[in-house]
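No value in this document is a laboratory result; all are computed from the given coordinates. Keep in mind it's a predicted model, so treat the numbers as computed, not measured. In this analysis, Cβ positions are derived from the backbone assuming ideal geometry, glycine residues included, and neighbour counts consider all displayed protein chains.
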Amino acid sequence: MIAKFLAALLAASSILAGAGTLAGGAALAADSPPPAAPAPPAPDAYIVTLQAIGAVAPSFPGSSIVRPYPFPGVSVRGVGEPERFSAPDDGFGVPVFEADGARFGPVANFVFRRGGRDGLHGLHHVGLTHEVGGFAEYFAFDHFRTRAELRQAVDGHGGFVASLGADFYGESNSFRLSLGPRLNLGDNRYANAYFSVTPVEAVLNGRLEPYQASGGFTSAGGVATVRYDFTPNLNATVYTGLQRLTGGVGGSPIPNMVGSRDQFTAGVSLSRSFEVAKFW
């Protein structure tokens, strides 16, 4: 009888020990963090968007005369990656980092050459300017973007400039609309290149007075766009913008006597997107 009792007790102890082991294993499994999600694979193909842009803009900073300027544009994104909002006055930027609605990367821009026409007889010329630097933009919530660009000229005016902006945008059927303010800054080298007049230049010109321009806030205004999608891969955009020269550049005799403090721009672009297979 005692032997049967001991045998039953040993059997019950084995069952309880096995149950405890299973419970301990379950508890450890519950306490262990879940395995990290694998990084999304790199896209096997990309969407390349080519743009042909025709614009009218002041013939030089501070001019009252607008002239036509054609130029191209290009952007690249992965297949399946949503198309990010962009504005026609954005510099040529390439995002190299993106997280939580923020994007950063290098940016480039250019300013056409300023000659001696349109009231600038006798003044120094400013060559074609290439500006390079970086941009940062943040999509704080749906249909709203802020963007800043910091650029240094490597030739031409030789100065440092910055542009700050925000855009509200939305879409209805095939139309996409946007509207947003702009604020621009430039240093003394930029201001001197386009808005200063030396005493000798004033004599040679005959209309302008000597003036020493200073940097700071150079203009404020806004940009509006209307885009229409003919197909998912083909669209056209019409845009317009107006900037008011301010500060030391706004007080220059160049915009006030032979040009205008109000700087008008407008343009139309045609964009076509293509899917390109990854080749590396």
Amide H contacts of A45 (H built 1.01 Å from N, under 5 Å, at least 5 apart or other chain)
V79, K278
Tell me, in nm to one decimal, what length is gained between T240 and T198 on full extension, where the rule is 0.36 nm per residue of separation less the Cα-Cα distance?
11.7 nm
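Going by how many other beta carbons lie within 10 Å of each one, how would you line up I53, I65, fewest first? List each step's numbers first, then the result.
Working: I53 17, I65 14.
Starting with the residue having the fewest Cβ neighbours, the order is I65, I53.
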Charges at C-beta only: +1 for Lys and Arg, -1 for Asp and Glu. How large is the resulting dipole of the stretch 45-277 about its Cα centre, in Debye rounded to 20?
560 debye
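Going by average Cβ neighbours within 10 Å, how do the peptides 265-275, 241-251 rank, with the highest at the top? Walk me through the intermediate numbers first.
On the way: 265-275: 15.9, 241-251: 19.5.
Most protected by this proxy first, the peptides run 241-251, 265-275.
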